[in-house]
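**Student:** Following this message is one structure expressed as structure tokens.
The values are calculated or read from the model by the stated rules, or taken from the named source; none is laboratory data. Because the structure is a prediction, the values reported are computed rather than measured. Cβ sites come from the backbone with ideal geometry, for glycine too, and all protein chains shown count toward neighbours.
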Amino acid sequence: MGLKMAAPYYQVREYVDRGDLHVFSSNYALYGDLSARVMEVLELMSPQVEVYSIDEAFLNLEGVEAWCELDQFGMEIKEKVFDWVGLPVCVGIAPTKTLAKLANYAAKRYSDSAGVVNLTKAGWRERLLTISPIEEVWGVGRKNALKLRAEGINTAADLAMSDAETIGSRYSVVLERTVLELRGIGCIGFEQEPAAKQQVLCSRTFSSRITELRPLQEAIREYAVRAAEKLRQEERLTSHISVYIRTNPNAPFEPRYRNIASCALPSPTNDSRFLMKQAVALLNTIYRSGYRYMKAGVVFSHLQPSDSYQSDLFTPDLQSTKTKNLMKTLDSINQRFNGAVMFAGQGMEQTWAMQRNFLSPRYTSSWQELPRVR
């Protein structure tokens with residue numbers, strides 16, 4: 001239809017009005033639950049699964065060929081995920097991660113593949129590399145793609161035939177490894193455990209522009225609380241916090257403003273109360289009146305595991321047993337009763353909250369929103 005990723009709703013409204021396009025608001029609870037179900041199915045089919053993102057995973061198929069054809073196994077994965085979870089998936093099979101990603105791209109793009117592309121078969125890898133644009137290679141990136149095209153490297157095959165050391169010296173070790181991976185030489189191993197996050201972020205675009213400090217403070221408190229919940233879920237502490245605000249960069253007739261403020265915390269913590277207070281203090285230093293604010297966010301960085309933190313005698317302990325028990329109780333109640341408990345400073349009405357007028361039900365994670373059969 002010629003629609004671009006991340007196009008704003010107003011640009012596609014005519015398609016919706018004609019009935020050619022269906023629009024759904026972000027439904028993070030539903031996405032997260034369905035993702036977990038898909039990964040559980042994959043873990044039943046392979047002894048080693050690396051969850052790469054919410055909708056991607058790598059499976060180690062070592063030894064599978066001894067009892068099953070790889071094409072057949074790929075179809076079994078696809079069919080089982082669809083039968084058990086109800087989601088269509090595509091499968092790319094190859095000797096390396098980079099080639100597997102490219103095979104998955106082909107499985108989605110070419111309908112003749114039936115959703116499964118196996119690059120271990122003779123001639124398939126060479127053919128796919130030849131017809132795949134350089135932008136589709138995992139790890140290349142948009143800026144590198146422009147530079148590579150300027151050098152005459154336009155396809156995945158061009159990159160695979162390039163001198164790896166030269167690519168490494170001109171670009172990076174990462175791109176050098178990509179060249180080798182495209183040749184079938186594995187350079188990117190499986191991660192037994194997901195890499196620890198370097199930061200936790202919570203940001204949203206407001207449903208309407210904010211022109212006063214108070215609603216902006218409410219939004220920042222809300223985001224700090226949500227980010228603190230993520231910290232506790234992952235059993236992490238933060239010792240650095242940043243807050244940013246900005247106006248609409250695409251509004252030609254409005255004054256533009258953006259700013260960010262950061263500070264180190266006296267000691268690591270995941271206490272919503274303290275983090276909320278610090279976030280608002282940072283906001284107050286960068287807020288300027290006379291602007292129509294479009295978006296704000298809170299970022300926690302310098303993370304560390306909560307079970308390895310040791311307090312000292314010279315800084316306040318923000319992770320006392322009393323604090324831990326309170327936050328644990330708060331999370332338990334909100335998880336069971338869908339966010340029933342909140343801080344008054346988060347705002348009771350939240351008129352600035354992100355619009356979700358096209359929100360689909362949380363079919364798999366809310367008793368009140370289960371589908372009904374009559």
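**Student:** Which one of ARG246, ARG288, ARG256 is part of a strand (DSSP E or B), out of contact with any helix residue (DSSP H, G or I) (no Cβ under 9 Å at 6 or more places or on another chain) and within 17 Å of PHE206 (Cβ to Cβ)?
**Tutor:** ARG246
**Student:** Right, something else. Within region 291-302, is even one residue more than 25 Å from the chain's Cα centre (by Cα), in the same structural domain as LEU231 (by TED's automatic domain parsing), basic (Lys, Arg) and surrounded by 15 or more Cβ atoms within 10 Å (Cβ to Cβ)?
**Tutor:** We begin by selecting, within region 291-302, every residue more than 25 Å from the chain's Cα centre (by Cα); these are 291-292.
Okay, now just the ones that are also in the same structural domain as LEU231 (by TED's automatic domain parsing), so 291-292.
Okay, now just the ones that are also basic (Lys, Arg), so 292.
Checking the rest, the ones that are also surrounded by 15 or more Cβ atoms within 10 Å (Cβ to Cβ) come to 292.
Yes, the conditions are met somewhere in region 291-302.
**Student:** Ok, one more. Checking the structure you have, find out if any residue of region 22-40 is surrounded by fewer than 13 Cβ atoms within 10 Å (Cβ to Cβ), under 20 Å from the mean Cα position of the chain (by Cα) and aromatic (Phe, Trp, Tyr).
**Tutor:** Yes: region 22-40 contains one or more residues that are surrounded by fewer than 13 Cβ atoms within 10 Å (Cβ to Cβ), under 20 Å from the mean Cα position of the chain (by Cα) and aromatic (Phe, Trp, Tyr).
**Student:** Assigned by TED's automatic domain parsing to the domain that holds GLY74, within 21 Å of ASN60 (Cα to Cα) and surrounded by 18 or more Cβ atoms within 10 Å (Cβ to Cβ): is that true of GLY139 in this structure?
**Tutor:** Answer is no for this residue.
**Student:** Same structure again: I'm trying to understand the selection: among the residues of region 59-84, which are buried (at least 18 other Cβ atoms within 10 Å of the Cβ), in contact with a helix residue (DSSP H, G or I) (Cβ under 6 Å, 6 or more places away or on another chain) and either hydroxyl-bearing (Ser, Thr, Tyr) or touching a residue at least 40 places away in the same chain (Cβ under 8 Å) (or both)?
**Tutor:** VAL81
**Student:** Something else now. Which of the residues spanning region 315-374 are free of Cβ contacts under 8 Å to residues at least 24 places away in the same chain, assigned to a loop (DSSP other than H, G, I, E, B) and of a type in the set (Ser, Thr, Tyr)?
**Tutor:** Of everything in region 315-374, just one residue is free of Cβ contacts under 8 Å to residues at least 24 places away in the same chain, assigned to a loop (DSSP other than H, G, I, E, B) and of a type in the set (Ser, Thr, Tyr), namely SER320.
**Student:** Then there is this: Got a sec? Which of GLN355, GLN350 is surrounded by 12 or more Cβ atoms within 10 Å (Cβ to Cβ), touching a strand residue (DSSP E or B) at 6+ places or on another chain (Cβ under 7 Å) and polar (S, T, N, Q)?
**Tutor:** On the way: GLN350 fails: touching a strand residue (DSSP E or B) at 6+ places or on another chain (Cβ under 7 Å).
Among GLN355, GLN350, only GLN355 is surrounded by 12 or more Cβ atoms within 10 Å (Cβ to Cβ), touching a strand residue (DSSP E or B) at 6+ places or on another chain (Cβ under 7 Å) and polar (S, T, N, Q).
**Student:** Same structure again: Go through region 155-184 and report how many residues are assigned to a helix (DSSP H, G or I), more than 16 Å from ALA145 (Cβ to Cβ) and among the basic types (Lys, Arg).
**Tutor:** 1
**Student:** Among the residues in region 237-248, are any touching a Pro at 6+ places or on another chain (Cβ under 9 Å), without any contact (Cβ under 8 Å) to a residue 60 or more places away in the chain and in the same structural domain as THR211 (by TED's automatic domain parsing)?
**Tutor:** yes
**Student:** Then there's this: So, in region 119-133, how many residues would count as being in contact (Cβ under 8 Å) with a residue 24 or more places away in the chain, in a helix (DSSP H, G or I) and surrounded by fewer than 19 Cβ atoms within 10 Å (Cβ to Cβ)?
**Tutor:** Total satisfying the criteria: 3.
**Student:** Residues in region 17-26: is at least one touching a residue at least 40 places away in the same chain (Cβ under 8 Å) and of a type in the set (Lys, Arg)? Spell out how you get there, then give the answer.
**Tutor:** Within region 17-26, the subset touching a residue at least 40 places away in the same chain (Cβ under 8 Å) is 23-26.
Then drop every residue that is not of a type in the set (Lys, Arg), which leaves none.
Scanning region 17-26 turns up no residue that is touching a residue at least 40 places away in the same chain (Cβ under 8 Å) and of a type in the set (Lys, Arg).
**Student:** Moving to a separate point now. Within region 2-16, work out how many residues are part of a helix (DSSP H, G or I) and over 18 Å from LEU359 (Cα atoms).
**Tutor:** 3
**Student:** Modelled with pLDDT under 85 and within 30 Å of SER239 (Cα to Cα): is that true of GLY345 in this structure?
**Tutor:** It is false that GLY345 is modelled with pLDDT under 85 and within 30 Å of SER239 (Cα to Cα).
**Student:** Could you please find all residues in region 303-333 being basic (Lys, Arg) and either surrounded by 11 or more Cβ atoms within 10 Å (Cβ to Cβ) or under 28 Å from the mean Cα position of the chain (by Cα) (or both)? Show your work before the answer.
**Tutor:** The initial filter retains those residues of region 303-333 that are basic (Lys, Arg), namely 322, 324, 328.
Across region 303-333, the qualifying residues are LYS324, LYS328.
**Student:** Residues of region 201-224 being buried (at least 23 other Cβ atoms within 10 Å of the Cβ), among the aliphatic types (A, V, I, L, M) and in contact with a Gly (Cβ under 9 Å, 6 or more places away or on another chain), which ones?
**Tutor:** Within region 201-224, ALA219, ILE220 meet the criteria.
**Student:** Say we look at region 341-366 and pick out the residues that are hydrophobic (A, V, I, L, M, F, W, C) and under 26 Å from the mean Cα position of the chain (by Cα); which of these is nearest to SER267 (Cα to Cα)?
**Tutor:** Let us first name the residues in region 341-366 that are hydrophobic (A, V, I, L, M, F, W, C), namely 341-344, 348, 352-354, 358-359.
Still in the running and under 26 Å from the mean Cα position of the chain (by Cα): 342, 352-354, 358-359.
Values: MET342: 24, TRP352: 32, ALA353: 31, MET354: 32, PHE358: 42, LEU359: 39 Å.
Residue satisfying both the conditions and the ranking: MET342.
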